[in-house]
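This report concerns only the one structure given below.
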Amino acid sequence: MINFRPPETRTRPSVGSSSSSVVTAEKALSFLSKGWQEVRSSADADLQLIKNRANKFKNLADRELENFINSASISPFAVPAITASTTTAPAEIDFVKKLRPKLSEIRRAYSSSEFKWPSQGKLRIDLSAIKNAIVAEVEEEEKEREREIWRKWRRHRLKEERHFGEFDWEPIRAFKTRLKELEVELKGSSSSPAEIFEVIKNSEFVGKVKSSLKSICKEPEETKGVPPLDVPELLAYLVRRSSPFLDQIGIRRDISEKIVESLCSKGHRKLLLNSLPGGGSSLIDGEIINDELDLRIASVLQSTGHCYDGGFWGDSTKQNLEGDKRHVAIVTTASLPWMTGTAVNPLFRAAYLAKSEKQNVTLLVPWLCKSDQELVYPNQLTFSSPEAQELYIRNWLEERIGFKADFKISFYPGKFSKERRSILPAGDTSQFIPSRDADIAILEEPEHLNWYHHGKRWTDKFNHVVGIVHTNYLEYIKREKNGALQAFFVKHINNWVTRAYCDKVLRLSAATQDLPRSLVCNVHGVNPKFLKIGEKAAADRQSGQKVFSKGAYFLGKMVWAKGYRELIDLLSKHKTEFDGFNLDVFGNGEDAHEVQSTAKRLNLNVNFMNGRDHADDSLHGYKVFINPSISDVLCTATAEALAMGKFVVCADHPSNEFFQEFPNCLTYKTPEDFVAKVEKAMSSEPQPLTPEEQYKLSWEAATQRFMKYSDLEKVLSDETSLDRRRRKGMGKSVSMPNLEEMVDGALAFTHNCLTGNEFLRLCTGAIPRTRDYDKQHCNDLHLLPPQVENPIYGW
């Protein structure tokens, strides 16, 4: 209304028209004043009516109370009349008056015809009526006190409303004064309507109204001096948060950092530095740019009062777990009696995590149908039920660790892939961990478990998810047909699934691909039985006995990728230098016939024997363990040989970096160096392990490293998160949206959609009909049919 400006007329306004406009304004003000008086008189009448009705109600209540007291005074228990000259205290008089109705009730109860006096021998006086009367009296006094407080408050409110009706309120008087001043200004003006409105606009009254509105809408002091984000800053933050995703599509991390640095150019440096506390300045380079950009965005968000709760793609809360003990679920891709690293090492990890008794541990292993068991397990060993296999696993473990491990073993449906020579999950693996135990998950081989995972996102169901990379899949794939192209796709798929489903990734060695949120740390130990063998060998040597009576050997699954190709190449290339040197090889596998025929055709001095446990007594006498494999991530057999006090000859490769610190580990870089190291090992004696070296190889040390580098130690000791889980779960609360989490959620959602399509699963090498488990798994594991578990797909 203030900014309204009437249209100008083409004719020049006359004096008469100006005076008529003033009269019109005066009438308008007079009309407003008259209307306000009518409102005031109407309000006074309403208040008077309410007051009269309240007085009538009060008089009626007083009369009823007086009649009630008089009616009770005729009883035998009546109290004599009290006159003005009575000296009894007023409080006592009130108490007696109020006690009259109660005494009358007692009199009527005992004078009733239905009342019977008890016999003389069982005379009892029932004082419950008097007790109830006193209790009721106390409650009545409390209620009367509350009613008196309410009456005082009401009288005060009526008094304020009366003052309001009489215009005694200060803001109303000020408003009336301003209106009169404005009326005087308009009377003194004889200009056109446009000038009249200009006078109103520039009047002191309107100016004070504007200043009052500005004071109401005034911004907080702390928000001053914080300019909003501009487009380059938003783009810089977007690029920096998306750097892992850009790395997957071929844009290296250093290029992303240069893009961020260019966006935070000279024109924006001053803006970034001004938003920092104290106005400090520093040299803007990679790390400082990231810190200042974070502070800049945080200051802007703080100035707006923005607060962000939860994730956009994921669940805002986790499971609400009960009790003080945390739950750790270890999920792996293999199980005994298959003697492979992903079957043995997770089993030891579960045992030593449960040994501390600070957390409950569950080991989730695959269950194979009988047809697949015959293909995978050695010596045609099969199990008719999960209980029988669990008993076998526990007996094998307790024979080696020397203590009873208190943890739970569960099974999920699995299928053996002959092409990939590995076990793939069937159905949603995460559903086999109950929601009440879904706290911390350890995924052994996370890329393997999630290639075809179609189910709930691990990081949505669990509060903390750690992945442990066991296998260098890219090295195996490169050896196949079109290996380079397959390795390219598998590399990016591994990045995809580990980023979408893991909070932290541990790589056993640098031989594996660099994955998001990953670091290199050996979190594996050796079977305590091997350390005892090494201690016994050292004691025998100290007593003068000959410990090692045999030469060199190699042990491993007999497939070309497990180092057999490198071994045969080295022996055939230096057949002359190895004249008279014999090597015993222990192993079984799919390529056994081809490996043996190749060695025989090249006339190599190699003796092939069936595979056996590395702790077997027949292997104790060997002095040198030869392992030329470069496809392993961290060879368990190498660690076991070092624990038994043997020499180890292995390649100078990232997979053997952990073992190079031990004096009995001899690494070679060239074929000629291999010959020299073998000759050195055969002509000398290994050194006994020191107590520090023994501890470094043990599972106690491995568990300690795992707790530290997986952040599990911090998560388990976080009492704040434990209290929060008791109340409402592990809900996230951060000061600003986490773009990285949104991207991870989008990747998980996309992966879930793609793996739900059977055609796409088959195109990428999945086993047919493994999106859900089959009928045989239902019978073996006593599961509901998948049509019942997932009706949207089943019906």
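Which of the following residues is of a type outside the set (Asp, Glu), touching a residue at least 40 places away in the same chain (Cβ under 8 Å) and open to solvent by 20 Å² or more (accessible area, probe 1.4 Å): Ala537, Ala510?
Of Ala537, Ala510, the one residue that is of a type outside the set (Asp, Glu), touching a residue at least 40 places away in the same chain (Cβ under 8 Å) and open to solvent by 20 Å² or more (accessible area, probe 1.4 Å) is Ala510.
Mind counting the residues in the range 666-700 that are closer than 28 Å to Thr512 by Cα and either in contact (Cβ under 8 Å) with a residue 24 or more places away in the chain or of a type outside the set (A, V, I, L, M, F, W, C) (or both)?
The total comes to 20.
Condition check ((1) among the hydroxyl-bearing types (Ser, Thr, Tyr); (2) open to solvent by 20 Å² or more (accessible area, probe 1.4 Å); (3) over 26 Å from Ala639 (Cβ atoms)) across all residues:
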| site | (1), (2), (3) |
| --- | --- |
| Val331 | no, no, no |
| Gly341 | no, yes, no |
| Pro346 | no, no, no |
| Lys355 | no, yes, no |
| Asn379 | no, yes, no |
| Thr382 | yes, yes, yes |
| Pro386 | no, no, yes |
| Ile401 | no, no, no |
Exercise for the section: Check every one of the helices (runs of 4 or more DSSP H) wholly within the range 442-530 and list those with 1 or more residues that are among the polar types (S, T, N, Q) and within 18 Å of Glu740 (Cα to Cα). Expected result: 458-461, 483-501
Completion exercise
All-but-one check, Asp428 against (1) open to solvent by less than 60 Å² (accessible area, probe 1.4 Å); (2) under 27 Å from the mean Cα position of the chain (by Cα); (3) over 20 Å from Leu783 (Cα atoms); (4) among the charged types (D, E, K, R), failing number (3)
Practice task
Identify, by number, the condition in (1) of a type in the set (Gly, Ala, Ser); (2) open to solvent by less than 20 Å² (accessible area, probe 1.4 Å); (3) modelled with pLDDT under 90 that Gly544 doesn't meet.
Solution key: (2)
Exercise for the section: Determine if the range 566-581 includes at least one residue that is under 22 Å from Ile626 (Cβ atoms), within 44 Å of the chain's Cα centre (by Cα) and crowded, with 22+ Cβ neighbours inside 10 Å. Expected result: no
Practice task
Any chance you could count how many residues in the range 609-652 are open to solvent by 10 Å² or more (accessible area, probe 1.4 Å), under 23 Å from Glu685 (Cβ atoms) and among the basic types (Lys, Arg)?
Solution key: 1
Practice task
Collect the residues in the range 232-250 that are open to solvent by less than 60 Å² (accessible area, probe 1.4 Å) and either modelled with pLDDT of 80 or more or under 17 Å from Leu739 (Cα atoms) (or both), keeping them in residue-number order.
Solution key: Pro232, Glu233, Ala236, Tyr237, Val239, Arg240, Arg241, Ser242, Ser243, Pro244, Leu246, Gln248
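Output yes when any residue across the range 662-678 is out of contact with any strand residue (DSSP E or B) (no Cβ under 9 Å at 6 or more places or on another chain) and among the small types (Gly, Ala, Ser), and no when none is. Outline the logic, then answer.
In the first step, residues of the range 662-678 are kept if they are out of contact with any strand residue (DSSP E or B) (no Cβ under 9 Å at 6 or more places or on another chain); the result is 663, 670-672.
Filter once more, keeping what is among the small types (Gly, Ala, Ser): none.
There is no residue in the range 662-678 that is out of contact with any strand residue (DSSP E or B) (no Cβ under 9 Å at 6 or more places or on another chain) and among the small types (Gly, Ala, Ser).
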Handout entry: Residues (part of a loop (DSSP other than H, G, I, E, B), in contact (Cβ under 8 Å) with a residue 24 or more places away in the chain and among the charged types (D, E, K, R)) located in the range 367-407
Key = Asp406
Exercise for the section: May I ask you to verify whether Thr703 is assigned to a helix (DSSP H, G or I), within 21 Å of Leu583 (Cβ to Cβ) and either in contact with a Pro (Cβ under 6 Å, 6 or more places away or on another chain) or open to solvent by less than 50 Å² (accessible area, probe 1.4 Å) (or both)? Expected result: no
Fill in the blank from the handout: Flagged pairs (Cβ under 6 angstrom, 6 or more apart or on separate chains; first in the range 771-784, within 11 Å of Lys415 (Cβ to Cβ); second outside any helix (DSSP H, G or I) and of a type outside the set (A, V, I, L, M, F, W, C)) are Tyr773/Pro413; Tyr773/Gly427; His777/Pro413
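The values are calculated or read from the model by the stated rules, or taken from the named source; none is laboratory data. All values reported here derive from a predicted model rather than from experimental measurement. Cβ atoms come from the backbone with ideal geometry, glycine included; neighbour counts cover every protein chain shown. For accessibility, only protein heavy atoms count, side chains too; no ligands or nucleic acids. Shrake-Rupley method; radii C 1.70, N 1.55, O 1.52, S 1.80 Å.
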